[in-house]
Amino acid sequence: MDWNEDGKKDLILGLYNGEVRIYLNTNTDKAPVFQGFKFLEQGGAKFTNGSSSATPEIVDWNNDGMKDVLCGGGGGKIWLLINNNTNADPVFNTKVYLKNGKFGLDLIVNGGDCRPVVFDFDLDGRKDLLSGSFYGLIYCYLNQGTDADPYFDGYFPLKIGANYLDVGDWSHPDAVDWDGDNTLDFICGEKEGKVMYFRALGPLSLSDNRIYESLGGQITLNLNAGPSKGGRKYLIFGSVTGTSPGIPLPGGAVVLPVNWDFFTIMVLGMLNTTPFQNFLGALDGSGTATAMFDTVAPIPGTAGLYISFAYALNSPWNYASNGANIEIVP
């Protein structure tokens, strides 16, 4: 990440003694060179997490446009340092522990050695918190507040099917769209130095991601918003101009990752017809549904085109799936 906003990637490194070093890139973004370091400071003095194994995470926590810092460690608690200056020259006057629950108790990750990572886990437009742990599990804290003022009340360990996602000891996760399907996957380190990849099937997945222009074809869309969304009404949108910047849903809190274009209008005008089967409906009690995109016939002249789909839940419009892309190939 670019710590001093000079357009070049820098290196932020947590130390076993609880301190954090900042290595500024003195060369180019493509060929970084690091000569010396400085310590992360708080209140004009060297920051320490007060335990061991500092694990910094850089994030704009309060949505003021400036980078802030979360830092976990061996004790299981996570410090929050709010930037009181600028992005190019961050200054942190105070540090406070993240809290969990209505009584304002310190958030303590089970097993200690917490390694925080921040992203929108449940796609509700609010940042959530995940953390690795000494025992190898990954814990999720869903944001019950707002995106600018997160509030946590409880947690759950991530699972793969019926089993806990367990990498051994000292899990250190990060979220990245590894396979380019617009869904965040997990890359996770562990005690022995191995790096594990966990591919995520997002709330929207496809039976295939290609259609041949000379043949046409059918693609099944699998919707899975989870049991908490069971019974809710959904609407699938389409686009041929990509997923960003997307369409703000009514209320403005959530952005649907498809761009409004002529194909969007076509889909909305032909809902639940042969090309767009079950594009408007209700999720079952488990929060799932299936739909189908059918070209009906060959589609010559479309090779190289990408068709994007995403769905929203309405009443209220507070949930958007990931975007899923279909490539038209010769």
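Side notes on the structure shown:
- Residues that are among the aliphatic types (A, V, I, L, M), under 20 Å from Ser308 (Cβ atoms) and in contact with a strand residue (DSSP E or B) (Cβ under 6 Å, 6 or more places away or on another chain) within the stretch 193-226 comprise Ala200, Leu204, Leu206, Ile211, Ile219, Leu221, Leu223, listed in sequence order.
- Condition broken by Lys46, with the remaining ones in (1) touching a Leu at 6+ places or on another chain (Cβ under 9 Å); (2) open to solvent by less than 40 Å² (accessible area, probe 1.4 Å) satisfied: (2)
- Within the stretch 248-261, the set of residues being under 18 Å from Pro316 (Cβ atoms) and open to solvent by less than 30 Å² (accessible area, probe 1.4 Å) comprises Leu249, Val254, Leu256.
- Of the residues making up the stretch 32-41, not a single one is of a type outside the set (Ser, Thr, Tyr), under 24 Å from Tyr151 (Cα atoms) and open to solvent by 40 Å² or more (accessible area, probe 1.4 Å).
- Any chance Tyr306 is among the aromatic types (Phe, Trp, Tyr), within 27 Å of the chain's Cα centre (by Cα) and open to solvent by 50 Å² or more (accessible area, probe 1.4 Å): yes
- Long-range neighbours under 9 Å by Cβ, at least six apart or interchain, first residue within 9 Å of Ala320 (Cβ to Cβ) and at pLDDT below 95 within the stretch 242-261, second of a type in the set (D, E, K, R) and open to solvent by 20 Å² or more (accessible area, probe 1.4 Å): Val254/Asp124
- Residue list for the stretch 201-216, restricted to those being of a type in the set (Gly, Ala, Ser), under 15 Å from Asp294 (Cβ atoms) and crowded, with 16+ Cβ neighbours inside 10 Å: Gly216
- Scope the stretch 153-196; condition more than 14 Å from the chain's Cα centre (by Cα), among the aromatic types (Phe, Trp, Tyr) and closer than 23 Å to Ser53 by Cβ; matching residues: Tyr155, Tyr164, Trp170
- Residues of the stretch 93-118 classified as open to solvent by 30 Å² or more (accessible area, probe 1.4 Å), in a strand (DSSP E or B) and of a type in the set (A, V, I, L, M, F, W, C), total: 3
- Check on Asn17, modelled with pLDDT of 95 or more, among the polar types (S, T, N, Q), open to solvent by 70 Å² or more (accessible area, probe 1.4 Å) and not in a strand (DSSP E or B): yes
- Tally, over the stretch 272-298, of residues that are in contact with a strand residue (DSSP E or B) (Cβ under 9 Å, 6 or more places away or on another chain) and without any contact (Cβ under 8 Å) to a residue 12 or more places away in the chain: 1
- Selection within the stretch 32-80 - hydrophobic (A, V, I, L, M, F, W, C) and more than 22 Å from the chain's Cα centre (by Cα): Val33, Phe34, Phe37, Phe39, Leu40, Ala45, Phe47, Ala54
- Given (1) in contact (Cβ under 8 Å) with a residue 12 or more places away in the chain; (2) at positive phi, number of the condition Ile219 does not satisfy: (2)
- Qualifying residue in the stretch 81-92 (condition: at pLDDT 95 or above, in a strand (DSSP E or B) and open to solvent by 60 Å² or more (accessible area, probe 1.4 Å)): no
The values are calculated or read from the model by the stated rules, or taken from the named source; none is laboratory data. Quantities reported herein were computed from a predicted structural model and do not represent experimental measurements. Methodologically, a virtual Cβ is constructed for each residue, glycine included, from the backbone with ideal geometry; neighbour enumeration extends over all protein chains shown. These accessible areas exclude ligands, DNA and RNA; they are computed on the full protein's heavy atoms, side chains included. Shrake-Rupley method; radii C 1.70, N 1.55, O 1.52, S 1.80 Å.
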